[in-house]
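Throughout, read-outs are computed from the coordinates displayed, never taken from laboratory work. Treat the numbers as computed from the prediction; the structure is a model and nothing was measured. Positions of Cβ are generated from backbone atoms using ideal geometry, with glycine treated the same way; all protein chains shown enter the neighbour counts.
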Amino acid sequence: MQHMWLSLLSGLCLHLVFLCSAEEGLEFPNFDGKDRVMDINERNYKKALKRYDLLCLFYHEPLPANKGLQKRFQMTELVLELTAQVLENKDIGFGMVDSQKDVKVARKLGLEEVGSLYVFKDDRVIEFDGELSADTLVEFLLDVLEDPVEMINNAMEVRAFERMEEDIRLIGYFKGEDSYFKAFQEASERFQPYIKFFATFDKSVAKHLSLKMNEVNFYEPFMEEPAIVPGRPLSEIDIVEYVTQHRRATLRKLRAENIFETWEDDMDGIHIVAFAEEEDPDGYEFLEILKDVARDNTNNPELSIVWIDPDDFPLVPSYFDHLLGKTFKLDLFRPQIGVVNVTDADSVWLDMSNDEDLPTAEELEDWIEDVLSGRVNTEDDDESADEPENPDSYITEDSDEIHDLDEGDNDDNYN
């Protein structure tokens, strides 16, 4: 099911096509006008699969009659063309599959969701769940090209590994390639590139990380200590089942490369969403409070907070401000936390209007407990809802305006 906020975000992300030079370390040229994206059909799809190490296919509706949607379709094509141009020296093919003209091809390739991008590598199919911009897609594809397991061999690489607090990551200690490492490697392919897998054959590295032979540690984002994956040695199925069960982190950062996967992974129809600029003093302080709350509640399977850093999405602040701030004037450049209903975009936000103090970890935990218990919910502004116990502790956002804006966009083909 495509949720309303998913469609709102997808519409926003397409506007980032022309901002793709913003990523540090990536300098994108202007489009040179050369066609590199193929029209994939029943005659050429097998040849394309054999020809490239990676084949990236966009599964789309037929060209719409609406001029606005035609422009959006052309922008999507431009993203693919520019990505293909930047990666021209890599063995990556790009193509488009029409959901109406190429039904048989789509069925044979397992393409199911119109508007999605699929990457074929060896015998695997990876669905791209990220922001449809050239810089994000380039980095994603380069990650897919890499080996699914990165080796840690020295102290410098250990330090780099330990600084990756925002990522879910696993690391295992094995005797060598011809060992239980193979099961670890096969499991990593199931999650590449969204979850990072590391391994070491070095005894000193394993000692520093407190790893025993054939042991695997699982690092949840922002947690100070890893969890040991139970069992030793582990099979591929053991690892896959553990990661699948624990991949929803207590505090997770919304990223361009998996923005839709994260948004679809709601908790019983809601997301607890926090906005905080890490580079801003108040934002940094609030993020540290969020980390404390997450660490105190890491064993609560009912809690998952999505952290959005507005600096990572240049157009998100004004976009959300237009949708959510018109009534209550939420300033997303300041720390905010709220609960959002993913089906109708109703939301309730913790009142943080006091410019002097941010809520303490204890106060934030009390509010979250009210959310999880249902005492604070997105129906509190509806006539049929019961009165909340403490109506002054939060503010509600009426979704009628969002419904009107969403319907006016007429973006059904890009939901």
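Remark: the range 133-146, residue by residue, has Karplus-estimated 3J(HN,Hα) of 10, 5, 5, 5, 5, 4, 5, 4, 5, 5, 5, 5, 5, 6 Hz, where x stands for each Gly or Pro and the curve is 6.51 cos²θ - 1.76 cosθ + 1.60 at θ = phi - 60°. Under 5 Å between amide hydrogens, built in the peptide plane, is the criterion, and for residue 376 it picks out 371 among residues at least 5 positions away or on other chains. A Förster distance of 35 Å, applied to the separation of the beta-carbon atoms of residue 32 and residue 177, puts the FRET efficiency at 0.25. Distance distribution P(r), the range 78-150, all Cα-Cα pairs, bin width 10 angstrom from 0: 16, 50, 31, 3, 0 percent. Taking a sphere under 12 Å around the Cβ of residue 209 and counting the other residues whose Cβ falls inside, with K and R at +1 and D and E at -1, yields a net charge of 0. Listed values for the range 85-97 are Karplus-derived 3J(HN,Hα) couplings in whole Hz (6.51 cos²θ - 1.76 cosθ + 1.60, θ = phi - 60°), namely 5, 5, 9, 4, 7, 8, 8, 10, x, 10, x, 10, 10, and x replaces Gly and Pro. Listed cross-link partners 196/291; 47/108; 175/253; 71/101 are compared with a 24 Å cut-off, the Cα-Cα value being larger for 175/253. In the range 149-246, the DSSP beta bridges split such that about 45 percent are antiparallel, to the nearest 5.
Counting Lys +1, Arg +1, Asp -1, Glu -1, what net charge surrounds residue 91 among other residues with beta carbon under 14 Å of its beta carbon?
On the way: positive: 36, 50, 51, 90, 121; negative: 53, 88, 122, 146.
Neighbour charge sum, excluding residue 91 itself: +1.
With 0.36 nm allotted per residue and the present C-alpha distance subtracted, the residue 162-residue 331 stretch has 57.5 nm of extension available. Over the C-alpha atoms of the range 149-246, the Rg to Rh ratio, Rh being the Kirkwood estimate, stands at 0.91.
Just so you know, the Rg over Rh for the range 41-124 is 0.97, from Cα atoms, with Rh as the Kirkwood radius.
Using the Karplus relation 6.51 cos²θ - 1.76 cosθ + 1.60 with θ = phi - 60°, the per-residue 3J(HN,Hα) values for the range 179-190 come to 8, 5, 4, 4, 5, 4, 5, 5, 5, 4, 5, 6 Hz, with x marking Gly and Pro.
Close amide H contacts of residue 330 (hydrogens built in the peptide plane, cut-off under 5 Å, sequence separation of 5 or more or a different chain): 325. The H on the amide N of residue 216, modeled in the peptide plane, is under 5 Å from the matching H of 229, each at least 5 residues off or on a different chain.
Shown for 141, 109: other C-beta atoms within 10 Å of each C-beta, ranked fewest to most, produce the order 109, 141.
Give the separation of the Cα centroids, the range 125-166 to the range 31-106, in Å. One Cα centre to the other: 24 Å. Summing charges over neighbours of residue 220, with a neighbour being any other residue whose Cβ is under 13 Å away from its Cβ, gives +3 when K and R count +1 and D and E count -1.
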